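*Asks:* Can you read through this structure? Questions will come right after.
The values are calculated or read from the model by the stated rules, or taken from the named source; none is laboratory data. Predicted, not measured: the structure shown is a model, and the values here were computed from it. Here the Cβ positions follow ideal geometry from the backbone for every residue, glycine too, while neighbour counts run over all protein chains shown. We work out accessible area using only protein heavy atoms, side chains counted, and drop any ligands, DNA or RNA first. Shrake-Rupley method; radii C 1.70, N 1.55, O 1.52, S 1.80 Å.
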Amino acid sequence: MIRIGIDTGGTFTDVVAVDEETGELAVTKTPSTPHDPAVGFMTGVRKVLADLGLGGDAVSAVSHGTTVATNKLLEGKVENLGFITTEGYEFMLEIARQSVPDGYGNSYFWVKPARIVPAHRVKTVPGRLAVDGSEIRPFDAGQAMVVAEWFRDQGINTIGVCFLHSYADDAHELAMRAILAEVHPEATVSISSEVLREYREYERSVTTLVDAAVKPNIRRYVENIANRLVELVEADPDGLDKRRQIPFYVMKSNGGVLSAEEVVHQPITTVLSGPAAGALGAAVVAQKAGFPQVVTCDGGGTSTDVTVVIDGHPALTTEGHVGAYPSKIPMIDVVTVGAGGGSIAWISPEGTLKVGPQSAGADPGPMCYAGGGTAPTITDAHAVLGRIPPHLLGGEVPLDVDIAASGVRDLAGKLALGFEACATGILEISAWNQANALRQVTVNRGLDVRDFTMVTFGGSGSLLACRLVDILGLQGVLVPLNPGNLSAYGLLTVDVRNDYVQTAVARQSQLDATHVRAVFDDLTRQADAALEREGFLAEQRVFVRTADLRYYGQAYEVRVDVSEGPVDADLMAAVANRFHDEHKALYDYDFRDDVRQEVEWVNLRVTGIGPIRKPEVREVAKGSGADGARTGSRRVYFDDWVDTPVYARAALGAGDLVQGPAVFEEFSSTVPLHPGFEARVDDYGNLVIRRSS
């Protein structure tokens, strides 16, 4: 039996299969199909099964990272969406927050983007709850009926509901949903008390609306794939017309997976699921290789995603954004830049060279794909400089370097640059875009990027590795085996994971241990019920408690662990001390010894985890010297044209050492090793790249 991980990217769909008995891995890629991602998904499944000589009945489970929700939001394709909120708060979305991108110096030029729901599609219902959930004014069922009829008559079939303080009591929102179900049964409805039981009504409203907006798309997509997976399995031998249901899991932004049956009820949790899988795969490989503290660089066809991993755990945030929309759901803290292999090089109105964020994607793709692309891309620049081979995926995707060269030459002429200068300029801009993103994920957390090793993966993630070492002063680079498929591999390393939150604001001196214990117990019961639905036995279920704390008067919180054990004064004091430590690490100061600065608890959280069997990272055979893996040479441009040896990476063994310049080629990726660098193969087949001593 095999488990399959599938990551759908902008250009390629990556597939990894693991034999559950032997731990052997099989990897492949297939072009993505943006018009219908399910087509590329099933093509990848059938391709890896054919490579292994197996049928669909050998598949024990499938895990999937999807960009369906992400793409809908990034492309701004949110339409026909309605919003219902508390009377008097109809302009909540218009007011939003006072923050201005790029600082207040930009406030004169900045134009506030269109709201996720325009004002004319926002309706209010009388009724009001206090901050503790007590009722100030009763819910007006009659007006709620009028509002539901209006949305029905307008043909608005996707609706988000967010009433003030519904995180404390959901009675009004549940009543509103019941009326919508009665009056407008065709509507897809999300209520904030189920999406995000946390205060700050603007972020809670937008998060709820995003959940509603992507719910129909995710539901159709997941059901489509689940039905196609059924077709893989042969009918029962007794001739009954029924087939085994292959367990199908979808990656979540928080670093866990969820069954297809459950994920359709919380679709917002799949936003940024693809980058999350890559970060988790990189964390597993890096920790096994002895690198507990790394930054990751996942280069795809459309963009590059970077994050930071400490002690094997990618950093999490609840202050994320997807496109223009803030999202308060827990997600791995990923920074994305438009610097993928398909990112287009262009000339600004000022006459300067720019790269991205526009991308040629999978269709038409870079010019060298000969698929109709008319503008040079990052991939074209690598091709004309000889840094990638004249074919990809072991020859499945031939590249037309001459077409790419014509595009780069035309761009160079417009910029009055030499041919090589233009191509290297494209790559230099891309490298600095990636470097700035890597600085952002480290400096924002009080970390020095120079203390980190970088893990590069994805089809294009390793192409600029050496340049990034120079720009950032990194310790070195770790390139895993099959780096182009690491995100798909990461899907096989994650557990089922559900997050639950409840706002419970109280100062440390006024904290009621009984109340805190009751909230944690309620959240744990919810997490336990979800894991039971997923089929986990009671002894398998794991629960992790955390809390968001701040100093009284601050506007944002720091999350800290809440250890196991009874909730009493000692535990709460230990949590406060942990908060002082975390605040000091993040901001370089704390008020531990200042009695005037009291600690305030804001949100209590419980994460329920259902462990899934993970593939082992296996050692590779000892090498006998890199010369045996050399397949030839070609001219490659670094600072000049150099006759450069080419190595088949799969033929290298543990301990083999290569001095740059060199190029390592494998099925899913290429690694150019610049002059002045060396690469050593470690016990697990990873390339460890450092500056030559």
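*Asks:* Quick one: in segment 476-532, which of the residues that are under 30 Å from Y552 (Cβ atoms) and acidic (D, E) is surrounded by the most Cβ atoms within 10 Å (Cβ to Cβ)?
*Replies:* Step by step, filter segment 476-532, then rank; the result is D499.
*Asks:* State whether one or more residues within segment 368-389 are crowded, with 18+ Cβ neighbours inside 10 Å, aromatic (F, W, Y) and outside any loop (DSSP other than H, G, I, E, B).
*Replies:* yes
*Asks:* Any idea which of E234, E194, E182, E186 is within 24 Å of the chain's Cα centre (by Cα), surrounded by fewer than 19 Cβ atoms within 10 Å (Cβ to Cβ) and either more than 14 Å from K123 (Cα to Cα) or modelled with pLDDT of 95 or more (or both)?
*Replies:* That would be E194, the only listed residue that is within 24 Å of the chain's Cα centre (by Cα), surrounded by fewer than 19 Cβ atoms within 10 Å (Cβ to Cβ) and either more than 14 Å from K123 (Cα to Cα) or modelled with pLDDT of 95 or more (or both).
*Asks:* Also: When segment 410-424 is examined, which residues are found to be of a type in the set (D, E, K, R) and in contact (Cβ under 8 Å) with a residue 60 or more places away in the chain?
*Replies:* Passing the criteria: K414, E420.
*Asks:* Are any residues in segment 657-669 of a type outside the set (G, A, S) and open to solvent by 10 Å² or more (accessible area, probe 1.4 Å), and if so, which ones?
*Replies:* Listed by number, the residues that qualify are L657, Q659, P661, E665, E666, F667.
*Asks:* Another question about this same structure. Determine if segment 8-17 includes at least one residue that is open to solvent by 10 Å² or more (accessible area, probe 1.4 Å), outside any helix (DSSP H, G or I), at pLDDT below 85 and of a type in the set (D, E).
*Replies:* No, segment 8-17 contains no residue that is open to solvent by 10 Å² or more (accessible area, probe 1.4 Å), outside any helix (DSSP H, G or I), at pLDDT below 85 and of a type in the set (D, E).
*Asks:* Can you tell me which residues in segment 134-164 are outside any strand (DSSP E or B) and surrounded by 20 or more Cβ atoms within 10 Å (Cβ to Cβ)?
*Replies:* Across segment 134-164, the qualifying residues are F139, A144, V147, A148, F151, F163, L164.
*Asks:* Let me ask another. Say we look at segment 315-337 and pick out the residues that are among the polar types (S, T, N, Q) and part of a strand (DSSP E or B); which of these is least open to solvent (accessible area, probe 1.4 Å)?
*Replies:* Checked segment 315-337; the qualifying residue least open to solvent (accessible area, probe 1.4 Å) is S327.
*Asks:* Determine, yes or no, whether G610 is buried (at least 18 other Cβ atoms within 10 Å of the Cβ) and modelled with pLDDT under 95.
*Replies:* yes
Residue by residue, here is whether (1) among the basic types (K, R); (2) open to solvent by 40 Å² or more (accessible area, probe 1.4 Å); (3) under 30 Å from Y551 (Cβ atoms) holds:
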residue: R592; (1), (2), (3): yes, yes, yes
residue: V595; (1), (2), (3): no, yes, yes
residue: V602; (1), (2), (3): no, no, yes
residue: R605; (1), (2), (3): yes, no, yes
residue: P615; (1), (2), (3): no, no, no
residue: A626; (1), (2), (3): no, no, no
residue: R630; (1), (2), (3): yes, yes, no
residue: D640; (1), (2), (3): no, yes, no
residue: V646; (1), (2), (3): no, no, no
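*Asks:* Right, something else. Could you check, for segment 397-414, whether at least one of its residues is crowded, with 20+ Cβ neighbours inside 10 Å, out of contact with any Ser or Thr (no Cβ under 6 Å at 6 or more places or on another chain) and in a loop (DSSP other than H, G, I, E, B)?
*Replies:* Yes, segment 397-414 contains a residue that is crowded, with 20+ Cβ neighbours inside 10 Å, out of contact with any Ser or Thr (no Cβ under 6 Å at 6 or more places or on another chain) and in a loop (DSSP other than H, G, I, E, B).
*Asks:* I'd like the full set of residues that are part of a helix (DSSP H, G or I) and in contact with a strand residue (DSSP E or B) (Cβ under 6 Å, 6 or more places away or on another chain), limited to segment 52-81.
*Replies:* Those that are part of a helix (DSSP H, G or I) and in contact with a strand residue (DSSP E or B) (Cβ under 6 Å, 6 or more places away or on another chain): L52, A58, L73.
*Asks:* Residue check: is V567 open to solvent by less than 70 Å² (accessible area, probe 1.4 Å) and either among the hydroxyl-bearing types (S, T, Y) or not in a strand (DSSP E or B) (or both)?
*Replies:* yes
*Asks:* Moving on. In this structure, does G44 turn out to be outside any strand (DSSP E or B) and at pLDDT below 90?
*Replies:* Taking the combined requirement at face value, the residue does not satisfy it.
*Asks:* Pull out all pairs, ordered by first then second residue, where Cβ-Cβ is under 6 Å, the residues are six or more apart or on different chains, the first lies in segment 555-574 and is farther than 29 Å from R97 by Cα, and the second is open to solvent by 60 Å² or more (accessible area, probe 1.4 Å).
*Replies:* V567/R517
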